Amino acid sequence: MKLSARIAAPAAALVLAGLTATACAPQTSDNSAKKDEKTGTLRVWLFQEVNNKPKEQVVEAAVAAFGKEHKDTKVEIEYIPVETRAQKIKAAFNDPKSAPDLIEYGNTDTAGYVKDGGLADVSAEFTAWDEAKDTDPTARQSVTVGGKIYGAPLFVGVRALYYRTDVFKELGIAAPKTQDELIATAKKIHKVKPELYGLAVGGAYTYGAMPFIWAQGGELAEESGGSYKAAINSPAAQKGITAYTSLFGDDNCPAAKCASMGGNATVTAFASGKAAMAIGGDFSHQAVEAGSVKGKYAVVPLPGLKAGETAPAFAGGNNIGVLKSSSHRTTAVDLMKQFAGKETQRKLFDAMGFLPTYTDVRSEVAKKEPFVDPFVKTLGAGAKFVPASPGWGQIDASLVLPTMFQEIVSGKKDVAAASGDAAKKMDAAFAAAG
């Protein structure tokens, strides 16, 4: 999960596993601030990127702009490791005295952090913020729990189809326009060029599999009255699971090698010239450019069931929020807006490649950087998000969906049995989360 040098997905995002020791932790006691000081020091925790210097420069510019309007407020920035953020942020929720005022957090962490009582409800301020009206609906959804808003979207990440233009030209084939064509094309390429995966897929690549499920009309879970029930075993979802798992085998991506692969491994296979196609993110661009396929690939939205349709993609990314315990709420919200505002998001795109969460700013950057266009089109076609339940963290961390895919491709269980078992595990996690 990464952007910029992150080959993976956004921190949040992108895999979200392992973030969520927090999801099942006991809810913290009420740590609401009892005062709102307009001067003093604001402490901010942001994620440390693989190549952090460009991000630091953008942040410094945002802090300088904020300082012009808040001369009596000092800002201290600490960059924290993404891998250990769950423990560090949970500890901050439990110890308001040492906690920061603002944090960057993965967008799949929102529901868990809200349940833990850590994030402030900023619905009123966000709704009144002029720039917020241009926020992409899916990005807005990623800061929303129970109809209330708990932060501002900072960037979004989404996946599309990378393919080898040289291989396609040599074989006289065009980029696939439907999901069936995609599967058939992958197998055709592997048959002619057995040294290549037609389409690199991974049994542990949950966010590469979701578009197949969503394209068939399936859902991970259904929400009713504020609670979630698994839908991964519905007939529509099972059709998508069947389509995705059909790509594992000797006719495309052998299960012995591909069942354990995650998103990074599939992108690496493509970048190193071992695959003719891969499902990769806008955040994978740098890794592919640094690989042996530079100058020999193109990207298109992942096709849906019919020609002209785009399969819904998972909208990953990061948000920035104010802690409920902050004794500087008003100035902290102002700084949140500065970090998540259009000007800073433009600069973050230029510096790191992070896709803006505003539809108008995304259109601007797509004109400036053509590689962004298929990802912007994918978002415009309607991206989707994971269930806004604190139980999702447990589902993700315990690898419920990767286990399901691996059971199917290994032949241990059929689609009905594996998806049924996954649904039971998901329902248990949703119930435990409340």
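The values are calculated or read from the model by the stated rules, or taken from the named source; none is laboratory data. As the structure is a prediction and not an experimental result, all values here were calculated from the model. Note that we place each Cβ from the backbone using ideal geometry, even for glycine, and neighbour counts take in every protein chain shown. Just so you know, the surface numbers come from the protein's heavy atoms only, side chains and all, with ligands and any DNA or RNA stripped out. Shrake-Rupley method; radii C 1.70, N 1.55, O 1.52, S 1.80 Å.
Restricting attention to segment 195-208, does a residue exist that is open to solvent by 50 Å² or more (accessible area, probe 1.4 Å) and modelled with pLDDT of 95 or more? Yes, that holds for at least one residue.
Here is a yes/no grid of residues against (1) of a type outside the set (A, V, I, L, M, F, W, C); (2) out of contact with any Gly (no Cβ under 7 Å at 6 or more places or on another chain); (3) closer than 23 Å to residue 301 by Cα:
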site: 366; (1), (2), (3): no, yes, yes
site: 375; (1), (2), (3): no, yes, yes
site: 386; (1), (2), (3): no, yes, yes
site: 389; (1), (2), (3): yes, yes, no
site: 394; (1), (2), (3): yes, yes, no
site: 399; (1), (2), (3): no, yes, no
site: 409; (1), (2), (3): no, no, no
site: 415; (1), (2), (3): no, yes, no
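Filtered by the rule that a residue be over 16 Å from the mean Cα position of the chain (by Cα), among the aliphatic types (A, V, I, L, M) and surrounded by 21 or more Cβ atoms within 10 Å (Cβ to Cβ), segment 262-291 gives 269, 271, 275, 276, 277, 278, 287, 288. Condition test on residue 82, is it of a type in the set (A, V, I, L, M) and either outside any loop (DSSP other than H, G, I, E, B) or within 27 Å of residue 433 (Cα to Cα) (or both)? So residue 82 passes the test. Of all residues in segment 275-297, those satisfying the criterion of being closer than 24 Å to residue 247 by Cα and of a type in the set (D, E, K, R) are 282, 296. Residues in segment 381-407 that are at pLDDT below 95, open to solvent by 10 Å² or more (accessible area, probe 1.4 Å), assigned to a helix (DSSP H, G or I) and not charged (D, E, K, R): 394, 397.
When you scan segment 46-61, do you find a residue that is touching a residue at least 60 places away in the same chain (Cβ under 8 Å), in contact with a His (Cβ under 9 Å, 6 or more places away or on another chain) and in a strand (DSSP E or B), even just one? Within segment 46-61, none of the residues are touching a residue at least 60 places away in the same chain (Cβ under 8 Å), in contact with a His (Cβ under 9 Å, 6 or more places away or on another chain) and in a strand (DSSP E or B). Condition first: crowded, with 21+ Cβ neighbours inside 10 Å and farther than 23 Å from residue 345 by Cβ. Can you find one or more residues in segment 118-131 that meet it? Yes, some residue in segment 118-131 is crowded, with 21+ Cβ neighbours inside 10 Å and farther than 23 Å from residue 345 by Cβ.
Within segment 150-185, the residues that satisfy the criterion of being open to solvent by 10 Å² or more (accessible area, probe 1.4 Å) and in a strand (DSSP E or B) are 154, 159, 163, 164. Summed over segment 111-146, the residues that are within 23 Å of residue 383 (Cα to Cα) and free of Cβ contacts under 8 Å to residues at least 12 places away in the same chain give a count of 2. Scanning segment 210-247 for residues that are assigned to a helix (DSSP H, G or I), out of contact with any Leu (no Cβ under 7 Å at 6 or more places or on another chain), surrounded by 19 or more Cβ atoms within 10 Å (Cβ to Cβ) and touching a residue at least 60 places away in the same chain (Cβ under 8 Å) yields 210, 212, 214, 237, 238, 241, 243, 244, 245.
Within segment 248-258, being small (Gly, Ala, Ser) and open to solvent by less than 20 Å² (accessible area, probe 1.4 Å) holds for one residue alone: 249.
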